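Have a look at the structure below, then the notes.
The values are calculated or read from the model by the stated rules, or taken from the named source; none is laboratory data. Predicted model, so just to flag it, every value in this text is computed and none were measured. All Cβ positions, glycine included, derive from the backbone under ideal geometry; neighbour counts span all protein chains shown.
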């Protein structure tokens with residue numbers, strides 16, 4: 001972009017403030033206040049339009065599914081940061097969000113990207129024959145395994161058989177008429193993985209969330225952003241609990257005690 005050409009490059013369509021008004025995506029913010037939910041506002045800000053009723057229901061369900069998953073590494077990072085800097089709540093939240101990678105939260109986008117690439121390459125849509133989904137999944141899973149990669153959307157460190165979020169997301173997607181090619185392909189991927197590897201890995205909630213976001217037509221490149229948006233609520237809740245019932249100091253003290261001896265070996 002040629003910035004020397006003028007000042008037209010200094011612009012944003014997201015929001016604008018004047019002395020007596022604030023607009024978000026061209027809408028008066030005060031009109032939105034009290035009339036739209038926060039998730040619907042997030043949808044509006046990313047897409048430029050408010051979601052329909054079914055889109056809103058499934059999108060809200062996805063965000064709820066990603067809000068918290070117990071004392072995960074990102075939560076521990078947030079709590080321990082708060083232990084060292086209780087005056088900087090924002091730093092503790094940021095510390096927790098920085099761990100949104102390939103194991104936690106990140107699979108939401110990893111799965112959405114993986115599935116979307118296969119859907120596009122194979123020309124799949126919601127009405128495609130089951131055989132088409134399994135054929136596309138066969139090639140995609142084989143390629144991931146041959147490259148020594150983790151197949152996105154499968155496996156969970158806690159839920160070894162069924163991630164309880166997954167059947168609920170599939171049921172909601174069907175109720176909202178949003179059971180599209182990405183969610184259908186993910187089911188085929190799980191079946192194909194079992195045949196190729198001889199063991200079943202469950203679809204995980206983050207992966208199903210990513211597939212649902214893709215079936216909602218949201219940009220797959222933004223899926224991790226939505227996961228981070230959801231998990232922020234969980235981190236704030238953990239930090240509120242940390243303030244009342246501190247875990248960080250005891251965790252730090254216990255680790256310090258255990259590491260006081262000579263190194264193993």
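Below is a table of values for the structure above.
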read-out: Any hit, the stretch 196-203, residues being touching a residue at least 24 places away in the same chain (Cβ under 8 Å) and in a helix (DSSP H, G or I); value: yes
read-out: Residues within the stretch 99-144 that are modelled with pLDDT under 95 and farther than 15 Å from residue 185 by Cα, tallied; value: 9
read-out: Unmet criterion (only one of (1) in contact with a helix residue (DSSP H, G or I) (Cβ under 8 Å, 6 or more places away or on another chain); (2) under 24 Å from residue 224 (Cβ atoms); (3) loosely packed, with under 15 Cβ neighbours inside 10 Å) for residue 13; value: (1)
read-out: Residue match in the stretch 250-262 (condition: within 27 Å of the chain's Cα centre (by Cα), within 16 Å of residue 73 (Cα to Cα) and in contact (Cβ under 8 Å) with a residue 12 or more places away in the chain); value: no
read-out: Identity of the residue in the stretch 145-174, without any contact (Cβ under 8 Å) to a residue 12 or more places away in the chain and assigned to a helix (DSSP H, G or I), that ends up farthest from residue 71 (Cα to Cα); value: 146
